[in-house]
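Everything on this sheet refers to the single structure shown next.
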Amino acid sequence: MQSSEVATPQNQIAFPFMSEGEAGNPGAVAAAERHGFVALPDNVGIWPIAGVMGAASVAILSLFASGAAEPFLLTVLAALAMLGVFFAAALALGYIRFADRGGMADLVNAICADVNVGLLVTAQDGTIAYANGRLQAMAPSSEVGRLVDFETIFAGDAKAGETLFRLQRAAARGEAALEEMDHIPPGRVGEKRQIRITCRPFALPARAAGAAPLVLWTLTDITDERALDQDRVHALENALSYTDTAPVGLIATHNDGSVRYINATFANWLGIARGGKRNADMNLVDIITIGGNALLQGALRRTNGTAANIDLDVTCDDGRVLPMRFVARKTHDGMLIAASSRDKDGAVGLSGVSTDQRAARFFQSAPFGIATIAADGRIANANAAFARIVSEGGNGISGLVTDILGRTAEAEPKAEFDAAIRDALLGRASSPVELTIGDEKKATVRVYVSPLNAREGAREAAILYVIDATEEKALEAKFAQSSKMEAVGNLAGGIAHDFNNVLTAIIGFSDLLLQTHRPTDAAYKDINNIRSSAVRAAGLVAKLLAFSRRQTFQSEPLHMGEVLSDMSNLLRRTLGEKIDLKTPPARDLWYIKADKTQIDQVLINLTVNAKDAMPEGGVVTIQTRNVTERDSQRESQRPGQESLLEAEYICIEVQDTGTGMSADVRAKIFEPFFTTKGVGKGTGLGLATVYGIVKQSGGYIFVDSEEGAGTTFRVYLPRFSPDNDDDLLPNKGIVKKETPKDLTGFGRVLLVEDEDFVRSFAVRALTRLGYEVLEASTGVEALEVLAASPGGVDLVVSDVVMPEMDGPTLLKELRKTNPSLKIIFVSGYPNEAFETSLDKDEQFAFLPKPFSMPQLAAKVKEEMGR
């Protein structure tokens with residue numbers, strides 16, 4: 001900011017952007033003129049104008065006297081007459097007015113002179129355009145007679161210099177700014193003043209639009225204002241000191257429950273140390289729990305703006321529970337609460353506590369909801385547990401109890417509940433009612449309603465007890481689903497076993513017939529069709545056995561990364577060209593122990609299911625990962641699924657971008673024969689097979705899906721931890737031999753089978769291959785046959801499930817007389833179903849039903865040659 005010496009010639013008048021007494025300053029005048037303002041001489045008045053007009057009159061009279069300019073003069077006079085008439089008319093109508101030329105400047109100077117704020121107008125480069133008298137009065141005495149600026153006023157004050165620098169930078173950027181600072185005027189040691197300085201750029205009026213922009217600065221002494229604020233603070237602190245030591249607890253909260261003030265009495269009751277939790281972020285729910293807060297809010301709503309009285313338990317900092325009586329009132333931005341202890345000595349113990357106080361304690365601390373009902377059906381009183389249960393259902397606790405608890409209930413339970421409330425109000429008992437509450441109907445409560453002995457003027461007419469039965473109903477649903485799946489599995493397994501016997505006979509006799517016909521015979525094709533249909537039926541039976549977890553598994557250590565890599569090409573062909581398959585690699589995967597063929601089947605079935613959900617194409621992502629015990633604990637907490645046993649797993653996720661499933665479909669997808677496909681487009685056994693394989697492998701399968709959001713299947717298989725590297729050898733203990741081309745043989749074979757047609761086929765097949773066959777229908781009969789055969793037998797082929805004596809029992813009896821006797825068990829059940837009844841080191845072979853003639857011949861020859 002620049003200043004200039006003040007000269008005071010008498011031919012200048014003041015104008016708005018110069019200080020009083022500064023209008024005669026040539027420097028100030030020049031600065032004002034540079035910014036679009038012009039100063040006029042103060043003695044320019046009527047006499048010069050009159051002189052000019054007289055000279056003009058003389059000239060006109062001379063023209064009249066000459067006579068030569070008569071036409072010209074007549075024209076001029078006509079024009080002047082027209083202008084005169086126009087001017088007179090405009091003046092009369094108000095379109096032309098005479099104004100005081102110096103009025104606006106005087107008005108601005110008068111306003112700025114009387115304000116108690118120093119005003120300064122500068123250009124953005126700091127050039128001074130105007131300073132009022134108040135600002136001049138703040139200047140040091142040595143600067144009287146000079147046009148002062150802020151640098152002059154705050155000369156020698158380093159902090160003030162920093163403040164002014166920041167403000168000047170803001171003004172240069174065209175920004176408004178405000179700063180406050182302390183300042184000691186020169187020559188006034190010890191007299192510290194508090195100053196507020198502002199700057200605000202502003203646009204020039206339209207008449208000076210071409211001039212440079214200006215900045216308005218204000219300087220205000222706020223020392224007295226700050227002293228008044230300090231007095232108010234001291235007065236407030238004195239008032240708070242009285243409330244801090246009041247004999248009642250006081251607490252003020254915001255609308256969100258956050259605590260804005262808590263007095264020392266309440267803090268001491270809660271055991272909150274000063275400077276600790278008391279000054280930290282606190283919320284009302286930290287003191288009276290969520291249920292108690294809901295109860296308090298409900299009580300306030302019922303009072304319609306007046307104070308609410310309620311008994312609640314508060315939680316102290318050390319975990320103690322303290323019973324208190326609250327008197328609360330809503331404020332415009334929160335709540336004000338006065339609290340007093342209900343205990344005689346402020347302790348938790350019940351000694352010395354009245355019966356009413358003890359009952360109130362029990363009422364509030366009950367773990368289930370309790371509410372009393374008035375004669376009009378409205379809730380008269382309720383404990384914190386009731387408020388919590390109802391608030392979780394999305395309801396308040398003010399109003400009719402039938403509306404609060406029955407708003408989202410089904411029609412029939414709601415009608416039962418309404419009837420129970422009516423009966424209770426009439427003094428009659430009723431049975432408990434289960435209601436679903438909440439907009440999503442995920443919460444279930446069991447309500448017991450009992451009448452109260454009505455006394456004259458009694459407020460409560462009935463009492464109800466509300467128990468949260470949500471987890472109980474969820475467990476019941478899970479148990480029912482598990483029982484249903486188990487029952488369906490047992491049924492499927494039993495049917496599959498019987499079908500396997502039938503299919504064994506059909507396939508076996510078809511093989512015998514095919515051996516007696518040439519391919520050119522007319523009957524050969526029919527027989528082959530019969531056999532093919534039986535084989536197809538055997539595949540369906542195998543899926544039923546998979547669902548019922550009764551398949552024969554040949555488990556081996558598997559690395560899912562390698563399995564997925566081997567299967568990727570087959571899966572891509574299965575998905576087709578419109579669907580993209582992604583298999584992101586996983587590092588350091590653990591091993592599992594399972595049947596590779598069955599795991600491949602799981603991947604294929606889940607991929608086919610994903611394909612069917614994306615008829616227009618999409619993406620299928622199959623990824624694997626390790627799941628630690630801690631991870632499994634978190635996974636088991638997912639809502640709506642069975643608990644996952646805490647252990648280490650390999651997780652296989654199959655995710656698609658398809659149409660997704662509704663909740664009803666998700667609940668049934670693993671049931672046998674359930675399908676959403678059209679008639680003839682699916683058996684409904686694909687996901688049921690997956691479920692059975694995973695369960696038989698000791699794992700879990702879960703599904704996450706929403707309509708329009710795709711589906712994700714998550715399969716958890718237990719981790720296999722080998723004792724040594726040899727345990728990781730592929731196919732360990734599983735010897736896969738090629739089927740010998742020559743199936744004929746010799747030796748004596750004892751065939752034990754209770755199904756006549758299966759036994760008949762097997763006897764004929766083995767006899768035709770060159771074996772001497774002895775047959776028996778039960779285990780007891782087999783022992784009798786052996787006893788009558790002096791030469792013994794080389795091999796026993798026995799069914800597992802038979803009347804009188806089953807296969808494992810027969811084997812134990814045979815081992816008593818012939819420890820080295822070879823035996824083949826045949827069954828429609830997996831070998832795991834009966835091997836537990838045998839000794840651990842027992843040696844036997846197994847042939848699953850249904851089997852064909854070549855399979856039977858190959859197995860017998862394999863064992864005979866062992």
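Can you spot a residue in region 310-323 that is at pLDDT below 80, closer than 28 Å to LEU426 by Cα and in contact with a helix residue (DSSP H, G or I) (Cβ under 9 Å, 6 or more places away or on another chain)?
There is at least one residue in region 310-323 that is at pLDDT below 80, closer than 28 Å to LEU426 by Cα and in contact with a helix residue (DSSP H, G or I) (Cβ under 9 Å, 6 or more places away or on another chain).
Given the conditions (1) outside any helix (DSSP H, G or I); (2) at pLDDT 80 or above, report the number of the one that ALA505 does not fulfil.
Unmet condition: (1).
Any residue in region 122-139 that is of a type outside the set (A, V, I, L, M, F, W, C) sitting within a Cβ distance under 6 Å of a residue that is assigned to a helix (DSSP H, G or I) and buried (at least 20 other Cβ atoms within 10 Å of the Cβ)? List the pairs, counting only those 6 or more apart or interchain.
THR127/ALA31; ASN132/CYS112
Which of the residues spanning region 413-446 are of a type outside the set (Val, Ile, Thr), touching a residue at least 24 places away in the same chain (Cβ under 8 Å) and not in a strand (DSSP E or B)?
Selection gives PHE417, ALA420, ASP423, ALA424, LEU425, LEU426, GLY427, GLY438, ASP439, LYS441, LYS442.
Would you check if there is a residue in region 592-602 being part of a loop (DSSP other than H, G, I, E, B), in contact (Cβ under 8 Å) with a residue 24 or more places away in the chain and within 35 Å of the chain's Cα centre (by Cα)?
Checked region 592-602: no residue is part of a loop (DSSP other than H, G, I, E, B), in contact (Cβ under 8 Å) with a residue 24 or more places away in the chain and within 35 Å of the chain's Cα centre (by Cα).
Let's see how each residue does on (1) open to solvent by less than 30 Å² (accessible area, probe 1.4 Å); (2) aliphatic (A, V, I, L, M); (3) assigned to a strand (DSSP E or B); (4) touching a helix residue (DSSP H, G or I) at 6+ places or on another chain (Cβ under 9 Å):
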position: LEU558; (1), (2), (3), (4): yes, yes, yes, yes
position: THR574; (1), (2), (3), (4): no, no, no, yes
position: LEU581; (1), (2), (3), (4): yes, yes, yes, yes
position: ASP588; (1), (2), (3), (4): no, no, no, no
position: LYS611; (1), (2), (3), (4): no, no, no, yes
position: GLU616; (1), (2), (3), (4): no, no, no, no
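Listed residues ALA252, ALA246; which is part of a loop (DSSP other than H, G, I, E, B) and open to solvent by less than 30 Å² (accessible area, probe 1.4 Å)?
When all the criteria are applied, what remains is ALA246.
Just to be sure I understand the filter: pairs with C-beta atoms under 8 Å, separated by 6 or more residues or on different chains, first member in region 498-509 and more than 17 Å from ILE527 (Cβ to Cβ), second member of a type in the set (A, V, I, L, M). Which pairs pass?
PHE499/ALA537; PHE499/VAL541; ASN500/ALA538; ASN500/VAL541; ASN501/VAL758
I'd like the full set of residues that are part of a helix (DSSP H, G or I) and either in contact with a helix residue (DSSP H, G or I) (Cβ under 8 Å, 6 or more places away or on another chain) or open to solvent by 40 Å² or more (accessible area, probe 1.4 Å) (or both), limited to region 650-667.
ALA663, ASP664, ARG666
Cβ-Cβ distance below 7 Å, separation of 6 or more or different chains: which pairs start in region 756-770 with a residue that is free of Cβ contacts under 8 Å to residues at least 40 places away in the same chain and more than 14 Å from ILE824 (Cβ to Cβ) and end on one that is open to solvent by 80 Å² or more (accessible area, probe 1.4 Å) and not acidic (Asp, Glu)?
GLY770/PHE746
Looking at GLN843, is it modelled with pLDDT of 85 or more, over 12 Å from VAL797 (Cα atoms) and not aliphatic (A, V, I, L, M)?
Here the answer is no, as GLN843 does not meet what is asked.
Quick check on region 364-415: of everything there that is of a type in the set (Lys, Arg) and modelled with pLDDT under 80, which residue is surrounded by the most Cβ atoms within 10 Å (Cβ to Cβ)?
The extreme case among them is ARG388.
Output the residues belonging to region 438-451 that are at pLDDT 80 or above and of a type outside the set (S, T, N, Q).
Within region 438-451, VAL445, ARG446, VAL447, TYR448, VAL449, PRO451 meet the criteria.
Given the residues PHE702, PHE670, PHE674, which is the only one that is of a type in the set (A, V, I, L, M, F, W, C), at pLDDT 80 or above and surrounded by fewer than 21 Cβ atoms within 10 Å (Cβ to Cβ)?
The conditions single out PHE702.
Looking for whichever is hydrophobic (A, V, I, L, M, F, W, C) and either open to solvent by 30 Å² or more (accessible area, probe 1.4 Å) or at pLDDT 85 or above (or both) here; the options are ALA647, ALA688. Which one fits?
Only one candidate qualifies: ALA647.
Could you figure out which of (1) crowded, with 18+ Cβ neighbours inside 10 Å; (2) modelled with pLDDT of 80 or more; (3) part of a loop (DSSP other than H, G, I, E, B) isn't true of THR520?
(1)
Return the total of residues in region 416-448 being open to solvent by less than 60 Å² (accessible area, probe 1.4 Å) and not hydroxyl-bearing (Ser, Thr, Tyr).
The number of residues fulfilling the criteria is 17.
Could you list, in sequence order, the residues of region 324-350 that are among the hydroxyl-bearing types (Ser, Thr, Tyr), open to solvent by less than 50 Å² (accessible area, probe 1.4 Å) and modelled with pLDDT of 75 or more?
If the condition is that a residue be among the hydroxyl-bearing types (Ser, Thr, Tyr), open to solvent by less than 50 Å² (accessible area, probe 1.4 Å) and modelled with pLDDT of 75 or more, then SER340 is the only one that fits.
The values are calculated or read from the model by the stated rules, or taken from the named source; none is laboratory data. In this text, all values refer to a predicted model and were calculated from it rather than measured experimentally. Note: ideal-geometry Cβ built from the backbone for every residue, glycine included; neighbour counts use all protein chains shown. Note: accessible area is taken over every heavy atom of the protein model, side chains too, but ligands, DNA and RNA are not part of it. Shrake-Rupley method; radii C 1.70, N 1.55, O 1.52, S 1.80 Å.
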